[in-house]
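I have placed the structure first, in the form of structure tokens, so that the comments after it can refer back to it.
The values are calculated or read from the model by the stated rules, or taken from the named source; none is laboratory data. Computed from a predicted model, the values in this text were never measured in an experiment. Here the Cβ is made from the backbone with ideal geometry for all residues, glycine too, and neighbour counts use every protein chain on show. The protein model used for the area step is the full one, side chains on, heavy atoms only, and it has no ligands, DNA or RNA in it. Shrake-Rupley method; radii C 1.70, N 1.55, O 1.52, S 1.80 Å.
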Amino acid sequence: MNASLTIWTELDAVEQFFVTLAAIFFVCAVALIFFLIGSRLIKTYRSKTETRLQTIFQQSLNSLIIHTSTDRLPSSSYQFHLNELRKAMNAYPCGRQVMINLLIKLKKSLSGTSSKMLDTIYLHLDLPTVSKKKLKATSWKIQVQGIRELSEMNYYLPKRMNALIARTKNETLREEIFMAHVRLNKKNPLALLDRYDGAITPWMRINLHRFFSQYDGRTLPDFSRWFEHPREDVVMFCMSMARQFKQFNAVPALVKLLSHKNPMIVASAIRSLSDLEAFHVVDQVVAQAQIHWSNERISLRIIRFIARLGHLDAHTYAIEKYLEHKNFKVRLAAVKTLTSMGENAQKQLTLRNKLMGNRLTLMIGHASEPLLT
Amino acid sequence: MKILVCDDDEALVSMIRFKLSRENVGDIFIATDGKEAKRLLQEHEFDLIITDIHMPYHSGLEIVSFVRQEMKKEIPIIILSAEGLELTVLRAFDMGANDFISKPFSPAELTIRVKRLLNLK
Amino acid sequence: MSVFYFIVHVLIFIYGVSIALWYFFLAILSMIEMRGYLNRNFFVDYNYILSSPFAPGITLIAPAYNEGLTIIDNVKSLLSIRYNNYEVMIVNDGSTDDSLAKLIVAFNLVEVSYAYEQKLPTKPVRGVYKSKNRAFSRLIVVDKANGGKADALNVGLNLASESLVACIDVDCIIEPDALLKMVKPFLQDTKVIASGGVVRIANSCVVEDGRLVEVKLPENWLARFQTLEYIRAFLLGRMAWSRLNGLLLISGAFGLFKKEIALSVGGYNTATVGEDMELVVRMRRRMHENQIPYKVAYIPDPLCWTEAPASAKVLGRQRNRWARGTLETLMLHRKLFFNPRYGLMGMVSYPFWVFYEWLSPIIEFCGLIFFAFLVVMGHVHWVFFISLILAVYGFAFFISMFALLAEETSFYKYIHKKDILKMVLVALVEPFVFHPRVVWWSLKGNWDLLRGKKAWGEMTRQGFAQYKRIYKKEVTTVV
């Protein structure tokens, strides 16, 4: 001790500074090592407890869910299983959360009465209070978790959360509230869209589509309602939903959108019209070829529209014009379409190819390759 | 009757096992990943396979092609998956699956389909 | 003379302190970004992308050069990636082995006529093959004349039919969820033009049928050093740069790009060995020059596993190449240096690369020379020297531990408790054993580039995978 003290006093100020610095770093590093090992131990313990709890819960849950979906479970037996769950749940501090997670997980796989049963169990175990507490947390992640739990289990979301959607800058939180609304508002799931001024990202589109695809088709909202929404991504979203869910009544509104100033919307409208097989508006669609001649996306959509028509009739000219388009993809699509439309069209194509100095030969080869479809 | 259930969701597997054993359709074997599924397939003669598509190591579709192409067996196979895209369903049938149930599903419906494939009442 | 010593000391001191502060800042920022990422994606069910008709199409481009030994397994594992709307394009870069013949037999391939637009100039394509078996309908094999990795990737860009392209090394092990996770930033923000992922070391891991079955810490010490190095670089460095939106490098082993933008800037540069970094820098430059807001995203999930060189010789060659690639990219884009027109990239990222990535081995080396000079002159103040070294060593150790912490709080892939202690030991030894060699290799890389432009052409002609071939042999002899 004395020796080290004498060394220390013999160092000049800079050296003392370095040595102190080194000492601080080493102490911090060692602290980190202990933290690492501690965290590892806690994680192992936690995952063990969780697995154990899950197995316990699972047994009671099985009997609760399976019985109710086939034959009626006597209420005494129901109460018995519920009490079992409660006991197991309260034995551990993390018990309630493990239970909620398990219910949500099962909810993803089960439908019908079994799914409703999960909601009931959530309610009867008094778990909504756990979830609601999370809404008051300062961390947005915990808030999101609470919202997710309440909406997945078909509870309700306190009114004050609605106001949050306009206030929060946090995208994840905003998306979550939006999705919760859609899930919980059974009568008018997209009511929020009317006043919505946030973005509908492709990610939200995927989530919403997923949700609506589990809906009964007759109760789906009429997406054409928002075709004149001021936000263009909302319009794009609604068009894609209308075509995915085959809402044929959207056709007149889609035709109107053909004259929209944003070419992306025009292209999407044409795509929707062709997916909805609105072939009676073919003239309006083909007319867009003139206006948006150089737009790759619109050109491709028009070609596909004619391709789905299945026959050429009066529109040969439109397709043939595209054979000389400056964009490679457009030309290839035109060749593919002509190749797929029977002998007459193929003859025409061969003829055009000759006229164009065999510039299309490679493309014709590509288009007639059965392995490339 | 021996039935193999493959899914990496243990909660779900346990529920399916509970449901099917209550209906007395036979012995239920469980695999929670593709490797285990293949091992069990080689060790036992199964009368029916229920499999998820997404599992660790080998996908459900690989299990289908393993049974049909390599083992050359006509064991009925039910695919139970959240991947309900038309393309995936068609591919599954193309490879030799007998039935496709989209998640979320109803356990009662699953039982009926299992019984039908096993020719039970 | 003493004035000279003083100036050198002060300069070294300033450099050392600034580098330490930077690394500390980046480390903290990385932790924040990592937490944000984990929180944002805590509830995400990636299966939604899998089963959605709205998932964007992806073309996986995997150049292959003399990979005959493993190519069948590699392709099979690429075909089993979890994504619905994708195609796997293997570009055979004029292999001199039986790669192509093996592929044709294994996947029942036939040549097809394939029309494409030659948007990027490349070496000629000799043929395009598709499988007659419906099960492999996603596979497309392109045979071309040898032209190096960048050229092969450009062929892929020319032929790709989807709007996103994933450029990968064919011998990497890609996690099944990789595309789902990589594509998510593109879905969440339409401004994203590229996304990159973490690359991890696969040595000693258990691999079956081209799939990672069990993660293990490498047995080989050289690979172990690299494991720590990769964790530090990917989890601490790049994570922070992505937070700042100043990321300059997406590893060539795995990156996802918007095809139209990659094409419009002219694709990969065939004249550099650092083509992965060069493309990102060029894409970013173009966005700045056209004043389009954009983002380069980064995924901290371990998505791609690669076999690290387990011999000093091969590792040396790899680092030499990296050093040359860095210097070349920096020289090509020297216009960026403190150029406010390029925003954060010009004012921060690029200078950072110059000062701390490129210059640091050189400064370290000069410092060593200076020190040796002092020793010879008998001017060394040993107590001062030792206290300085202690401080630097302490800092290096601390940062390594911080990187392990980042790993622990996120993905903790090395699950055995012993592994922590092993990594601590690695961190303690690394500054003496591994680091000096890394410095030496990158110095040599710089020297090779400056000295011989002639040696350059030969390198390209030998093909990018040459070094892999050799180390694979060495790996097998070691095993």
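Round to the nearest 0.05 the FRET efficiency obtained for A:Phe211 and A:Met356 when R0 = 60 Å and r is the Cβ-Cβ distance. Efficiency computed from Cβ-Cβ geometry: 0.75.
Take the accessible area of A alone and of C alone, subtract that of the pair with a 1.4 Å probe, and the total buried over both chains is about 5000 Å². Pairs from the table (A:Lys246/B:Lys73; C:Lys132/C:Lys184; B:Lys2/C:Lys413; A:Lys336/C:Lys130; C:Lys76/C:Lys444; A:Lys261/C:Lys259) lying more than 30 angstrom apart at Cα are A:Lys246/B:Lys73; C:Lys132/C:Lys184; B:Lys2/C:Lys413; C:Lys76/C:Lys444.
Bridgeable aspartates and glutamates around C:Lys335 (alpha carbons under 16 Å apart, same-chain partners fewer than 8 residues away excluded): C:Glu278, C:Glu289. When only alpha carbons are used to place a centre, the range A:189-223 and the range C:246-323 end up 37 Å from one another. Contact residues in the range C:163-194 (at least 50 Å² less accessible area with all protein chains than alone, 1.4 Å probe): C:Leu187, C:Gln188.
Mean separation of Cα pairs under 8 Å and 6 or more residues apart, divided by the residue count, gives chain C a relative contact order of 18 percent. When peptides C:197-209, B:66-78, A:4-16 are sorted by average Cβ neighbour count within 10 Å, with the highest value leading, the order is C:197-209, B:66-78, A:4-16.
Rolling a 1.4 angstrom probe over the protein heavy atoms with all chains in place gives the protein assembly as shown an accessible area of 44 Å² per residue. Per-residue ellipticity at 222 nm, computed for chain C from helices alone with -39500 (n - 2.57) per DSSP H run of at least four residues, works out to -16500 deg cm²/dmol. Of all DSSP bridge pairs formed entirely within chain C, close to 45 percent run antiparallel. The mean count of C-beta atoms from other chains within 10 Å of the C-beta of residues in A:29-39, rounded to a whole number, is 6. Subtracting the Cα-Cα distance of C:Asn290 and C:Val383 from 0.36 nm times their residue separation leaves 27.9 nm of extension gain. Interface residues of the range C:375-393, defined as those with an accessible-area decrease of at least 40 Å² between the chain by itself and the complete set of protein chains (probe 1.4 Å), are C:Phe384, C:Ser387, C:Leu390, C:Ala391.
Compared with the dominant Cα axis of chain C, that is its longest principal axis, helix C:359-377 is turned about 30°. Can you tell me how the protein assembly as shown classifies by the Cα gyration tensor, rounded, prolate or oblate, using a/c under 1.5 as the rounded cut? It comes out oblate by the Cα gyration axes.
Rounded to the nearest 5, the antiparallel percentage of DSSP beta bridges internal to the protein assembly as shown is 35%. Bridgeable aspartates and glutamates around A:Lys256 (alpha carbons under 12 Å apart, same-chain partners fewer than 8 residues away excluded): A:Glu228.
Taking every residue in C:199-212 and counting other chain Cβ atoms within 10 Å of its Cβ, the average works out to 1.
Within the range B:63-82, the residues that become at least 30 Å² less accessible when every protein chain is included than when their own chain is isolated (1.4 Å probe; DNA, RNA and ligands ignored) are B:Ala82. Relative contact order of chain A: 6 percent, from C-alpha pairs under 8 Å at least 6 residues apart in sequence.
Other residues whose C-beta falls under 10 angstrom from the C-beta of C:Leu153 contribute a net charge of -3, scoring Lys and Arg +1 and Asp and Glu -1. The mean number of partner chain beta-carbon atoms within 10 angstrom of a residue's beta-carbon across peptide A:15-24 is 6. Would you mind checking which residues have amide H under 5 Å from B:Ile101's amide H? H placed 1.01 Å from N; only 5 or more apart, or other chain. Close amide H contacts, sequence-distant or interchain: B:Ile79, B:Leu80, B:Ser81.
Only lysines eight or more places from A:Lys136 in sequence, or on another chain, were considered; those with a Cα closer than 20 Å are A:Lys159, A:Lys169. Expressed as a whole percent, the accessible surface of the range C:335-421 that belongs to carbon and sulfur atoms is 76, based on a 1.4 Å probe. Since only B:Ile112, B:Ile78, B:Val13 are under comparison, the one whose Cα sits farthest along the positive direction of the charge dipole of chain B, derived from C-beta charges on Lys, Arg, Asp and Glu, is B:Ile112. Buried accessible area between C and B (1.4 Å probe, both chains summed, ligands and nucleic acids excluded), in Å² to the nearest 100? Buried: approximately 1100 Å² between B and C. For the pair C:His435 and C:Lys76, a Förster radius of 41 Å applied to the C-beta separation gives a FRET efficiency near 0.60, rounded to the nearest 0.05. From the Cα gyration tensor of chain A, with a ≥ b ≥ c the square roots of its eigenvalues, which class applies: rounded if a/c is under 1.5, or else prolate if a/b is larger than b/c, or else oblate? Verdict is oblate for chain A.
In whole percent, and with a 1.4 Å probe on the protein chains, what portion of the accessible area of the range A:176-257 is carbon and sulfur? Carbon-and-sulfur percentage of accessible area, whole number: 52. Rounded to the nearest 0.05, the FRET efficiency derived from the C-beta distance between A:Lys169 and A:Lys48 at R0 = 35 Å is 0.35.
Label-to-label distance, A:Asn262 versus A:Leu5, with points set 7 angstrom from Cα along the beta-carbon direction: 7.7 nm. In the range A:83-184, Cα pairs under 8 Å separated by at least six residues give a relative contact order of 21 percent.
When A and B come together, around 1500 square angstrom of accessible surface is lost from both chains combined, probe 1.4 Å.
By its C-alpha gyration tensor, with a ≥ b ≥ c as the square roots of the eigenvalues, how is the range B:2-116 shaped: rounded for a/c under 1.5, else prolate for a/b larger than b/c, else oblate? Taking the square roots of the gyration eigenvalues as a ≥ b ≥ c, the range B:2-116 is rounded. Report note on the peptides C:440-449, C:61-70: ranked by the mean count of other C-beta atoms within 10 Å, highest first, their order is C:61-70, C:440-449. Computed over chain A, the per-residue total of -39500 (n - 2.57) for DSSP H runs of n ≥ 4 gives a 222 nm mean residue ellipticity of -22500 deg cm²/dmol, rounded to 500.
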